[in-house]
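K.L.:
Before anything else, here's the structure in question.
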Amino acid sequence: MRVLVATAVPAEREAVAQAFTEPVRELPLPGVTVHRSGGHDLIAAGVGPALAAASTATALTAAALGGTPYDLVVSAGIAGGFAPAAPLGSLVVADEITAADLGAETGDGFLPVTELGFGTVTHRPPEALVRAIATATGARAGTVLTVATVTGTAARADALRARHPRALAEAMEGFGVAEAAAAHRVPVLELRAVSNPVGPRDRAAWRVGDALAALTEGFGKLTNVLTRWSPHES
Ligand SMILES: O=C(O)c1cccc(C(=O)CC[C@H]2O[C@@H](n3cnc4c(=O)[nH]cnc43)[C@H](O)[C@@H]2O)c1
């Protein structure tokens, strides 16, 4: 089972790596460096959906051309949580990875690109795998939104809640990672640890250390689930 884990920044990649005991080997590629630890390849893919998609696609393409394609891609890192469902330090696993701001503003409100006749706005990870991960890690399962702009007001948080009532968290890379995985026909997961509430901006209140610790603990429990999972299961 070959797994590619894409975080945004190196601190998140290191938090994931801490869950694995094997030594890390660095494999540089154009624009991104793969950190290999046992059966897991980790990349700090960059902040935002575009760079995350480009970096993930590079790693996927290199593996495929090398004859060792990945079986699963995991978008991972910290996130904003929608209160009260996703409190600080909790884990969230996406059963839907949804681009929240990919569309058009109209006089009647926001229209997703799908309603304009283009593309997709949601990727769905394998259901059985999401359930198994929720059980093993204690993560709540629900929609994880991908945004290009971190929510900074109560009004924006309310608008996202109204449009996505199942949303547990927002982050900035999941949909980009999922688009790259879909292009390679590889299943995708998103696992997030909540560092801050979605709402009025208060950077001083972010609990990044607690969220990174939760991410390490979550990946420690995830490994057993992934070892037992077959990519042919739904
Ligand atoms: O300051 C640090 O030490 C630090 C350590 C690890 C990561 C960070 C980040 O700022 C990561 C940015 C990353 O986090 C996601 N994120 C977190 N909260 C939110 C949010 O409320 N809305 C959207 N995204 C959020 C996002 O995926 C960013 O790429 C800092």
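The values are calculated or read from the model by the stated rules, or taken from the named source; none is laboratory data. In this text the structure is predicted, and so the values were computed from the model without any measurement. Neighbour counts are summed over all protein chains in view; Cβ atoms, including those assigned to glycine, are modelled from backbone coordinates with ideal geometry. With ligands, DNA and RNA removed, areas are computed over all heavy atoms of the protein, side chains included. Shrake-Rupley method; radii C 1.70, N 1.55, O 1.52, S 1.80 Å.
K.L.:
Looking only at the stretch 132-162, which residues are within 16 Å of the ligand (Cβ to nearest atom), of a type outside the set (Ser, Thr, Tyr) and out of contact with any Leu (no Cβ under 9 Å at 6 or more places or on another chain)?
P.N.:
Listed by number, the residues that qualify are Val150, Gly152, Ala154, Ala155, Arg156, Ala157, Asp158, Ala159, Arg161.
K.L.:
Can you tell which of Val47, Val24 is at pLDDT 95 or above and not basic (Lys, Arg)?
P.N.:
Val47
K.L.:
Here are Gly142, Gly89: which of them is in contact with a Lys or Arg (Cβ under 7 Å, 6 or more places away or on another chain) and either of a type outside the set (Gly, Ala, Ser) or outside any loop (DSSP other than H, G, I, E, B) (or both)?
P.N.:
Criteria check complete, one pass: Gly142.
K.L.:
Here is a list: Ala136, Ala79, Ala94, Ala104. Which entry is within 20 Å of Asn224 (Cα to Cα) and in a strand (DSSP E or B)?
P.N.:
Unique residue meeting the criteria: Ala94.
K.L.:
I need a count of the residues in the stretch 71-129 that are free of Cβ contacts under 8 Å to residues at least 40 places away in the same chain and within 15 Å of the ligand (Cβ to nearest atom).
P.N.:
Result for the stretch 71-129: 0.
K.L.:
While we're looking at this one, here's another question. Does the stretch 16-37 contain at least one residue that is within 13 Å of the ligand (Cβ to nearest atom), open to solvent by 60 Å² or more (accessible area, probe 1.4 Å) and either assigned to a strand (DSSP E or B) or closer than 20 Å to Ala148 by Cβ (or both)?
P.N.:
no
Residue-by-condition table, conditions (1) among the acidic types (Asp, Glu); (2) under 22 Å from Gly46 (Cβ atoms); (3) touching a strand residue (DSSP E or B) at 6+ places or on another chain (Cβ under 6 Å); (4) crowded, with 17+ Cβ neighbours inside 10 Å:
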position: Val130; (1), (2), (3), (4): no, no, yes, yes
position: Gly142; (1), (2), (3), (4): no, no, yes, yes
position: Ala162; (1), (2), (3), (4): no, no, no, no
position: Ala171; (1), (2), (3), (4): no, yes, yes, yes
position: Ala193; (1), (2), (3), (4): no, yes, yes, yes
position: Ala205; (1), (2), (3), (4): no, no, no, no
position: Asn224; (1), (2), (3), (4): no, no, no, no
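K.L.:
For the stretch 45-57, indicate whether the set of residues that are farther than 15 Å from Thr216 by Cβ, near the ligand (Cβ under 10 Å from one of its atoms), part of a helix (DSSP H, G or I) and open to solvent by less than 20 Å² (accessible area, probe 1.4 Å) is non-empty.
P.N.:
Step one: filter the stretch 45-57 for residues farther than 15 Å from Thr216 by Cβ, giving 45-57.
Okay, now just the ones that are also near the ligand (Cβ under 10 Å from one of its atoms), so 45-49, 51-52.
Retained after the next criterion (residues that are part of a helix (DSSP H, G or I)): 49, 51-52.
Next, from what is left, pick out any that are open to solvent by less than 20 Å² (accessible area, probe 1.4 Å): 52.
Yes - at least one qualifying residue is present in the stretch 45-57.
K.L.:
Within the stretch 181-191, take every residue that is part of a helix (DSSP H, G or I) and open to solvent by 10 Å² or more (accessible area, probe 1.4 Å) and give me the one that is nearest to Ala57 (Cα to Cα).
P.N.:
Checking each candidate, the answer is Ala183.
K.L.:
Follow-up. So in the stretch 96-125, with the set limited to residues that are charged (D, E, K, R) and more than 19 Å from Ala181 (Cα to Cα), which one is nearest to the chain's Cα centre (by Cα)?
P.N.:
In this case the residue turns out to be Asp101.
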